1. Scan 75, 86 and give me the residue that is under 25 Å from residue 4 (Cα atoms) and part of a strand (DSSP E or B).
2. Based on this model, can you work out whether residue 134 counts as outside any helix (DSSP H, G or I), away from ligand 2 (no atom under 15 Å from the Cβ) and either out of contact with any strand residue (DSSP E or B) (no Cβ under 6 Å at 6 or more places or on another chain) or closer than 29 Å to residue 57 by Cα (or both)?
3. Filter the stretch 145-165 for residues that are within 15 Å of ligand 1 (Cβ to nearest atom) and either touching a residue at least 60 places away in the same chain (Cβ under 8 Å) or touching a Cys at 6+ places or on another chain (Cβ under 8 Å) (or both) and give the result.
4. Of 188, 202, which residue is among the aliphatic types (A, V, I, L, M), more than 16 Å from ligand 2 (Cβ to nearest atom) and in contact with a Ser or Thr (Cβ under 9 Å, 6 or more places away or on another chain)?
5. Give me the pairs: first residue in the stretch 3-24 and touching a residue at least 12 places away in the same chain (Cβ under 8 Å), second residue hydroxyl-bearing (Ser, Thr, Tyr) and assigned to a loop (DSSP other than H, G, I, E, B), beta-carbon distance under 8 Å, and six or more apart or on different chains, which are they?
6. Given 172, 176, 188, which one is part of a loop (DSSP other than H, G, I, E, B), modelled with pLDDT of 95 or more and over 22 Å from residue 145 (Cα atoms)?
7. Residue 29 versus (1) polar (S, T, N, Q); (2) buried (at least 16 other Cβ atoms within 10 Å of the Cβ); (3) closer than 15 Å to residue 75 by Cα: which is the lone unmet condition?
8. With the structure loaded, tell me whether residue 173 is closer than 30 Å to residue 53 by Cβ, exposed (fewer than 15 other Cβ atoms within 10 Å of the Cβ) and of a type in the set (Gly, Ala, Ser) or whether it fails that test.
Amino acid sequence: MTDFLPITKIPRTGLPAHALVVGDPDRASAVAELLDGAALIGQNREYRTFAGTWRGVPVVVSSHGVGGAGAVCQFAELAEAGVHTFVRFGTAGALRADIADGDLVVAEAAVRDDGVTQQLIHPEFPAYATPEAVLALAGAAAAHGLRAHRGVVWTRAAFSPMVLRLPVADYVAARVIAIEMELSTLLVFAALRGLRAGGVLVIDGNAAVDNDNPTGYNPHRQVVTDAVAAGSRAALDALVELT
Ligand SMILES: O=P(O)(O)O[C@H]1O[C@H](CO)[C@@H](O)[C@H]1O
Ligand SMILES: O=c1cc[nH]c(=O)[nH]1
């Protein structure tokens with residue numbers, strides 16, 4: 001039997017119990033640079049994984065790519081290798097006019113429009129964040145002086161609308177505050193396995209506006225880069241608060 005897990009190529013056992021998971025492999029590398037003693041422990045496909053310490057606590061930082069179907073492969077292998085607490089540090093589009101680019105959103109729960117978890121458990125099952133993770137993330141954002149909003153996030157499998165439009169108006173009316181692509185899969189996966197999970201997202205545009213102008217999406221702006229840099233430290237602080 002190989003010593004490595006097949007999809008992420010991380011070691012089969014012995015990983016730190018706390019993991020920051022991100023969509024972008026380059027974001028994983030950037031966060032790893034903040035850690036002490038970071039080492040690359042796995043690289044395959046979109047999955048890039050490091051282990052190191054933050055404030056003396058061993059942590060994993062790992063990328064899961066875009067979309068819940070690929071991400072859940074990473075969540076499962078990290079859990080198999082020893083992770084029991086997950087924080088997703090991602091990006092999202094705002095669904096409220098007062099949530100600005102560069103703000104953070106701390107998810108309390110997520111709408112399961114992910115196209116994946118319906119194959120894991122009945123659709124009535126909730127996607128909820130571990131309450132301690134919500135409080136730790138909100139507290140860390142405040143401690144870092146970052147503007148953060150708490151609420152429900154919409155996880156949607158298809159990034160771009162086609163013949164079917166995004167039902168933005170319904171979720172705005174339901175007070176959902178942001179849209180992204182993987183969080184509900186993480187929350188349901190963790191709940192089904194008895195693990196802890198939460199998520200904090202950097203806002204990189206307004207999805208309610210961009211629904212009529214999908215080409216308006218541009219996360220490659222300084223306001224987003226700066227917020228990702230600041231938010232990654234807050235997310236790591238929250239993660240180690242959960243030890
Ligand atoms: O920045 P990440 O973590 O990848 O998150 C968001 O960005 C990607 C879309 O560009 C999707 O993965 C979405 O969830
Ligand atoms: O899924 C996503 C991620 C970031 N921004 C968006 O508008 N949508």
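1. Working: 75 fails: part of a strand (DSSP E or B).
Residue meeting the stated conditions: 86.
2. Details: outside any helix (DSSP H, G or I): no; away from ligand 2 (no atom under 15 Å from the Cβ): yes; either out of contact with any strand residue (DSSP E or B) (no Cβ under 6 Å at 6 or more places or on another chain) or closer than 29 Å to residue 57 by Cα (or both): yes.
Taking the combined requirement at face value, the residue does not satisfy it.
3. In the first step, residues of the stretch 145-165 are kept if they are within 15 Å of ligand 1 (Cβ to nearest atom); the result is 153-161.
Selection gives 153, 155, 157, 159.
4. Values: 202 fails: more than 16 Å from ligand 2 (Cβ to nearest atom).
When all the criteria are applied, what remains is 188.
5. If the second residue must be hydroxyl-bearing (Ser, Thr, Tyr) and assigned to a loop (DSSP other than H, G, I, E, B), the pairs left are 12/2; 17/243; 18/243.
6. On the way: 172 fails: part of a loop (DSSP other than H, G, I, E, B); 188 fails: part of a loop (DSSP other than H, G, I, E, B).
Just a single option satisfies the conditions, and that option is 176.
7. (3)
8. Working: closer than 30 Å to residue 53 by Cβ: no; exposed (fewer than 15 other Cβ atoms within 10 Å of the Cβ): yes; of a type in the set (Gly, Ala, Ser): yes.
Criteria not met by residue 173.
The values are calculated or read from the model by the stated rules, or taken from the named source; none is laboratory data. Just so we're clear, the structure is a prediction, and the values are computed from it rather than from any experiment. So basically every Cβ, Gly included, is an ideal-geometry build from the backbone, and we count neighbours across all protein chains shown.
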